[in-house]
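Right, one structure below, let's go through it.
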Ligand SMILES: [Fe+2]
């Protein structure tokens, strides 16, 4: 009893001194982006300068919702990254806000709570029957978003979707690297269009690599899932690392073999989306015939994939390894070997997918049209 009284008194003193200071240092340092994370669900993710709570608010069909960042039944309070899973139907073409409250100390029967910060309302644009549908594809940013932005500026208007195809950062040594990923997602989506993010081979390196996957709260609990946008069915894959688990690079601390084997078993449970006009695979590594001993080519062929968009090569190739994959496999650009950048726009229109690529010097790199039904 005496100890509890002393602790409570100390916490009140801490709160009295900490809160004015807290107002200046607790703020949203990365605005929210809305990530695809599995069928029918988005995960809204943002970050704050100090740990605290997170919740998303919106009104849907006359009902006000406050959806919290929970771990089981408890509100998460120890992280500066906040992620809230929301039904897609609730957010599409709706307005949302998000908030965080700083939690200084959390004990069994008392907590010291600080400032609450709330975003401006964000108008979110989901599928609304429009045609064509435009998806901006950026991969291999490798910490150079300025050139990616210059390359993307060649495409007029805001796209309907943002696809971030891995290696946005070169390693995940701390939460700051994850915040960098959030900053890029917001920079190119403004929090107002869906973002598909697939993990690159660099993004499992370092202490924060394994933690990042849990933030996305995907349906599969891995960084792989299916999702759709109107007539487009996406198969989003985690292609793992680019070297064997035994390579010195990983210090014996990865096991992509077991992880990708589990992902392969999940892939085998899927069936082609018969209702989709376009079936598109997204994944960072392009050698799909050998993902840690698993050949994904026949599986993806059975799933009637119309186009697979890969990255990693830091260049563009519209028909990569044509002899190996029965479906078209595109390499989407990214950071080039001379420190430039190539961005891709995919336009889905009338049963065709047109890919156009520009670089950071506003030079046209190339284009290709993929015709559906040619499978
Ligand atoms: Fe890569």
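What follows draws every value from the coordinates through simple rules; no lab data is involved. Being a predicted model, the structure only gives us computed values, none of them experimental. FYI the Cβ positions are ideal-geometry reconstructions off the backbone, even for glycines, and counts take in every protein chain you see.
Semi-axes, largest first, in whole Å: what does sqrt of 5 times each Cα gyration tensor eigenvalue give for the range 275-365? All intermediate terms of the calculation are to be shown ahead of the outcome.
Values: eigenvalues 113, 64, 15 Å².
So the equivalent ellipsoid measures 24, 18, 9 Å along its semi-axes.
To the nearest 10 degrees, how steep is helix 175-189 against the longest Cα principal axis of the chain, on a 0 to 90 scale?
Roughly 60 degrees between the two axes.
Could you work out the mean projected area of the convex hull around the alpha carbons of the range 192-277, in square nanometres to one decimal? Provide the component values of the computation, followed by the final result.
Details: hull surface 27.0 nm².
For the range 192-277, averaging the hull's shadow over all directions gives 6.8 nm².
May I ask you to derive the relative contact order of the chain, considering only C-alpha pairs under 8 Å and at least 6 residues apart, and to give it as an integer percent? Can you show the working numbers first?
Numbers: 881 pairs, mean separation 56.5, N = 375.
Dividing the mean separation by the residue count of the chain yields 15 percent.
Would you report the distance distribution of C-alpha pairs in the range 98-248 as whole percents per 10 angstrom bin, up to the bin with the largest distance?
Taking all Cα pairs of the range 98-248, the binned fractions are 9, 32, 34, 18, 6, 0 percent.
Do me a favour and compute the ellipsoid semi-axes for the range 130-217 from its Cα gyration tensor, root of five times each eigenvalue, largest one first, whole Å.
Numbers: eigenvalues 115, 39, 20 Å².
Whole-Å semi-axes of the equivalent ellipsoid: 24, 14, 10.
How high is the relative contact order of the range 281-342, in percent, counting Cα pairs under 8 Å that sit 6 or more residues apart?
Values: 108 pairs, mean separation 18.9, N = 62.
Result for the range 281-342 is 30 percent.
In nm, to one decimal, how far is the modelled label at residue 364 from the one at residue 214, with both set 7 Å along Cα→Cβ?
Taking the simple label geometry, residue 364 and residue 214 are separated by 5.0 nm.
Counting DSSP beta bridges in the chain, what percent are antiparallel, to the nearest 5?
Numbers: 64 of 84 bridges.
Taking every DSSP beta bridge within the chain, about 75 percent pair in antiparallel fashion.
Return the FRET efficiency for the residue pair residue 106, residue 25: r is the Cβ-Cβ distance, R0 is 25 Å, and the value is rounded to the nearest 0.05.
According to the calculation, E is roughly 0.85.
At q = 0.16, 0.19, 0.20 Å⁻¹, work out log10 I(q)/I(0) for the range 230-316 with the Debye formula, treating every Cα as an identical point scatterer and leaving solvent out; two decimals please.
Taking Cα atoms of the range 230-316 as identical point scatterers yields -0.66, -0.88, -0.95.
Give me the base-10 log of I(q)/I(0) for the range 25-123 at each q in 0.21, 0.23, 0.24 Å⁻¹, Debye formula, one uniform scatterer per Cα, rounded to two decimals.
Here log10 of I(q) over I(0) equals -1.05, -1.21, -1.29.
So what's the angle, to the nearest 10 degrees on a 0 to 90 scale, between helix 256-269 and the longest Cα principal axis of the chain?
70 degrees
Quick one: what Rg and Dmax do you get for the range 334-375 from the alpha carbons, in Å?
12.6, 38
Using mean Cβ contacts within 10 Å as the protection proxy, how do 217-223, 293-299, 185-191, 306-312 order, highest first? Present the calculation step by step, with values, prior to reporting the outcome.
Working: 217-223: 18.0, 293-299: 16.0, 185-191: 21.1, 306-312: 24.7.
Descending packing order for the listed peptides: 306-312, 185-191, 217-223, 293-299.
For the residues 39, 359, what sequence is obtained by ranking on other C-beta atoms within 10 Å, fewest first? Write out the running numbers ahead of the final one.
Working: 39 12, 359 20.
Ranked by crowding around the Cβ, least crowded first: 39, 359.
Please give the length that would be gained between residue 295 and residue 78 if that part of the chain were fully extended, namely 0.36 nm times their separation in residues minus their C-alpha to C-alpha distance (nm, one decimal). If you can, show how the numbers build up before the last one.
Details: separation 217, 0.36 × 217 = 78.12 nm, distance 4.05 nm.
Answer, rounded to one decimal: 74.1 nm.
Taking Cα atoms of the chain, Rg/Rh with Kirkwood Rh, to two decimals?
Details: Rg = 21.8 Å, Rh = 21.7 Å.
Across the chain, the Cα-based Rg/Rh ratio is 1.00.
So for the pair residue 50, residue 174, with labels modelled 7 Å out along Cα→Cβ, what separation do we get in nm?
Result for the modelled spin labels: 1.8 nm.
Using the number of other C-beta atoms within 10 angstrom as an exposure proxy, rank 28, 181 with the fewest first. If you can, show how the numbers build up before the last one.
Working: 28 17, 181 22.
Listed from fewest to most nearby Cβ atoms, that is 28, 181.
How large is the Kirkwood hydrodynamic radius of the range 171-220, counting all unique pairs of alpha carbons, in Å?
Radius from the Kirkwood sum: 11.5 Å.
Between residue 40 and residue 258, what is 0.36 nm times their sequence separation minus the Cα-Cα distance? Round to one decimal in nm. Walk me through the numbers on the way to the answer.
Numbers: separation 218, 0.36 × 218 = 78.48 nm, distance 2.77 nm.
Length difference between fully extended and current span is 75.7 nm.
Quote the relative contact order of the range 135-288 in percent (integer), defining contacts as alpha-carbon pairs under 8 Å separated by 6+ residues.
On the way: 241 pairs, mean separation 33.5, N = 154.
For the range 135-288, the relative contact order is 22 percent.
What distance in nm separates the two pseudo spin-label positions at residue 128 and residue 63, each 7 Å out from Cα along the beta-carbon direction?
Label-label distance for residue 128 and residue 63, simple model: 2.4 nm.
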